[in-house]
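Asker: I have a structure here, written as structure tokens, and I will follow up with some questions on it.
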Amino acid sequence: MPRGHWDWGVNPGPVILAPEFSGAELAMRLGAIPSIDRLGEVIVADSFEHGLATYSTQALGTGGSVTLSAARSRSGRYSALLTAGSAGFLTASISRALSFQGLGRHGFEFAFALASLYQQLRIEIERYTGTQQHLWAVRIDENTDTIQVLQSDGTYATVATIITPLIDSRVFHSAKLVVDLGTRSYVRFRLAAATYDLTAYSAQVSNNTSQPLFRNRLVLLGRAGFNDQMYTDDWIHTHQEP
């Protein structure tokens, strides 16, 4: 009987060097919409290949608009181009409503490319229950170089000071907001490689009898006297987020 092994000859088990299988990684390799986060289960993923028919848009102010564009895209052929008004409310927004997918943690991921200077980019997740509106919002403030979060009292708190994203319409940045619908709290916000813990903050709650729905929205606030522009692409909504 061979000697020199545990239990007189029982060979040690094999060591597996291959990486653990990742279905998310496989999906990306096979041509799915690129995701920086790859956490949670995807409910909806869209890169504007079918236009703006499933989106709601609003542009307020002189020269404001939201249009489908083939000039820039992160994946596929198209993106949505937001042009903020140059006078008045100075905003352009795009949103997508979804059927309610249950409580728990939900995520809204998207890509954006800045074609000009701007004031703020606001990322929102809304839930209407039939009696209340629950609103989560994070904004990137170009004027102060900060990330700010909407608090339950309706005011914004500064989360971090950052180097604001590069202004170049050819360069798409990625961001993702994750919230907990059950506890009405924030979870985290990711911008490029940096992730910010938002668990200390809660959604703003107000009375509202609108029909129940769930919605993601981007709002671009431009500068007076300019029609500031931003492209957005690759919207991904997830649930069962960690």
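The values are calculated or read from the model by the stated rules, or taken from the named source; none is laboratory data. Not measured: the values here are computed from a predicted model. No Cβ is skipped: glycine too gets one built from the backbone with ideal geometry, and neighbour counts run over all protein chains shown.
Asker: Considering the stretch 47-71 alone, what residues qualify as being under 19 Å from the mean Cα position of the chain (by Cα), in contact (Cβ under 8 Å) with a residue 40 or more places away in the chain and crowded, with 17+ Cβ neighbours inside 10 Å?
Answerer: Ser47, Phe48, Tyr55
Asker: Then there's this: Restricting to the stretch 168-188, name every residue that is without any contact (Cβ under 8 Å) to a residue 60 or more places away in the chain and either of a type in the set (Lys, Arg) or surrounded by 15 or more Cβ atoms within 10 Å (Cβ to Cβ) (or both). Show your work before the answer.
Answerer: From the stretch 168-188, those without any contact (Cβ under 8 Å) to a residue 60 or more places away in the chain are 168, 171, 183-186, 188; that's our starting set.
Answer for the stretch 168-188, where residues must be without any contact (Cβ under 8 Å) to a residue 60 or more places away in the chain and either of a type in the set (Lys, Arg) or surrounded by 15 or more Cβ atoms within 10 Å (Cβ to Cβ) (or both): Arg184, Ser185, Tyr186, Arg188.
Asker: Considering only residues that are surrounded by fewer than 23 Cβ atoms within 10 Å (Cβ to Cβ) and over 16 Å from the mean Cα position of the chain (by Cα), which ones fall in the stretch 104-140?
Answerer: Gly104, Ala115, Ser116, Leu117, Gln119, Tyr128, Thr129, Gly130, Thr131, Gln132, Gln133, His134, listed by residue number.
Asker: List the pairs whose first member sits in the stretch 198-223 and is touching a residue at least 40 places away in the same chain (Cβ under 8 Å), whose second member is exposed (fewer than 12 other Cβ atoms within 10 Å of the Cβ), and whose Cβ atoms are under 6 Å apart, counting only residues at least 6 apart or on separate chains?
Answerer: Gln204/Gly154; Pro212/Gly130
Asker: Oh, and also: With the stretch 32-97 as the region, which strands (runs of 3 or more DSSP E) entirely inside it contain at least 3 residues that are not hydrophobic (A, V, I, L, M, F, W, C)?
Answerer: Values: elements: 41-46, 56-60, 65-69, 79-83.
Output list reads 56-60, 65-69.
Asker: Tally up the residues in the stretch 167-213 that are in a loop (DSSP other than H, G, I, E, B) and of a type in the set (S, T, N, Q), please.
Answerer: Looking only at that region, the number is 7.
Asker: Write out, first by first residue and then by second, each pair whose Cβ atoms fall under 6 Å of each other, whose residues are 6+ apart or on separate chains, and whose first residue, in the stretch 144-166, is of a type in the set (S, T, N, Q) while the second is surrounded by fewer than 12 Cβ atoms within 10 Å (Cβ to Cβ).
Answerer: If the second residue must be surrounded by fewer than 12 Cβ atoms within 10 Å (Cβ to Cβ), the pairs left are Thr146/Thr158; Thr146/Thr161; Gln148/Thr158.
Asker: Please find, within the stretch 214-242, the residue that is surrounded by the fewest Cβ atoms within 10 Å (Cβ to Cβ) out of those that are in a loop (DSSP other than H, G, I, E, B) and polar (S, T, N, Q). Show your work before the answer.
Answerer: First pass over the stretch 214-242, keeping only residues in a loop (DSSP other than H, G, I, E, B): 222-228, 240-242.
Subset that is polar (S, T, N, Q): 227, 240.
On the way: Asn227: 20, Gln240: 14.
Among those that are in a loop (DSSP other than H, G, I, E, B) and polar (S, T, N, Q), it is Gln240.
Asker: Another question, if that's okay. Condition check: exposed (fewer than 13 other Cβ atoms within 10 Å of the Cβ) and either in a loop (DSSP other than H, G, I, E, B) or at pLDDT below 95 (or both). Does Leu26 satisfy that?
Answerer: yes
Asker: Taking the stretch 31-58 as the region of interest, how many residues are among the hydrophobic types (A, V, I, L, M, F, W, C), under 13 Å from Ser75 (Cα atoms) and at pLDDT below 90?
Answerer: Total meeting the criteria: 2.
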